[in-house]
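The values are calculated or read from the model by the stated rules, or taken from the named source; none is laboratory data. Bear in mind that the values here come from a model prediction, so they are computed numbers and not experimental data. Note that we place each Cβ from the backbone using ideal geometry, even for glycine, and neighbour counts take in every protein chain shown.
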């Protein structure tokens, strides 16, 4: 098996573990000093600040699972080259407080070191995500208009 195929399988294993809520299995796929960064508005999603190390990543993932009862994903594209893997996914998170589904597209880039994930970089359609999380149209807020 090539390094690319192996790393592709490692990413899928991490994603599957996270989606079933097995955070320790997902963290076992990562280096001790794993570095996480997402491009999300932290004023609305304060838990999405940059994270460094397994403990900080665990805290992030625990926060996500405290807010959502179900996580699913469809990896539409996975491209692997050497120790880098890029994914384009459609994700679904079910809110615990009202069972509403938040769904959004994201690109996630993984870097490996020694067979473990050392870096995770996410790019999310944050405009759409924020509207779904807040359950309201944010265009009027951005434009300074009052909602009725």
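Evaluate the following for residue 76: is it more than 14 Å from the chain's Cα centre (by Cα), over 19 Å from residue 28 (Cβ atoms) and surrounded by fewer than 18 Cβ atoms within 10 Å (Cβ to Cβ)? Criteria met by residue 76.
For residue 120, state whether it is under 12 Å from the mean Cα position of the chain (by Cα), within 16 Å of residue 37 (Cα to Cα), surrounded by 13 or more Cβ atoms within 10 Å (Cβ to Cβ) and at pLDDT below 90. So residue 120 fails the test. Identify the single condition in (1) out of contact with any strand residue (DSSP E or B) (no Cβ under 6 Å at 6 or more places or on another chain); (2) loosely packed, with under 15 Cβ neighbours inside 10 Å that residue 69 does not satisfy, given that it satisfies every other one. So residue 69 meets the others, but not (1). Identify all residues within segment 19-53 that are modelled with pLDDT of 95 or more, assigned to a helix (DSSP H, G or I), touching a strand residue (DSSP E or B) at 6+ places or on another chain (Cβ under 7 Å) and buried (at least 18 other Cβ atoms within 10 Å of the Cβ); write none if there are none. Scanning segment 19-53 gives no hits.
Just one of the listed residues (92, 73) is within 18 Å of residue 21 (Cβ to Cβ), at pLDDT below 95 and in a strand (DSSP E or B), and it is 92.
For segment 76-89, filtered to residues that are touching a helix residue (DSSP H, G or I) at 6+ places or on another chain (Cβ under 7 Å) and assigned to a strand (DSSP E or B), the residue that is farthest from residue 22 (Cα to Cα) is 81. Taking the criterion of being part of a helix (DSSP H, G or I), more than 12 Å from the chain's Cα centre (by Cα) and touching a residue at least 24 places away in the same chain (Cβ under 8 Å), the residues of segment 54-70 that qualify are 54, 58, 62, 66, 67.
The set of residues in segment 3-18 being out of contact with any strand residue (DSSP E or B) (no Cβ under 8 Å at 6 or more places or on another chain) and over 13 Å from residue 79 (Cα atoms) consists of 13, 16, 17.
The set of residues in segment 1-18 being part of a helix (DSSP H, G or I) and over 17 Å from the mean Cα position of the chain (by Cα) consists of 3, 4, 5, 6, 7, 9.
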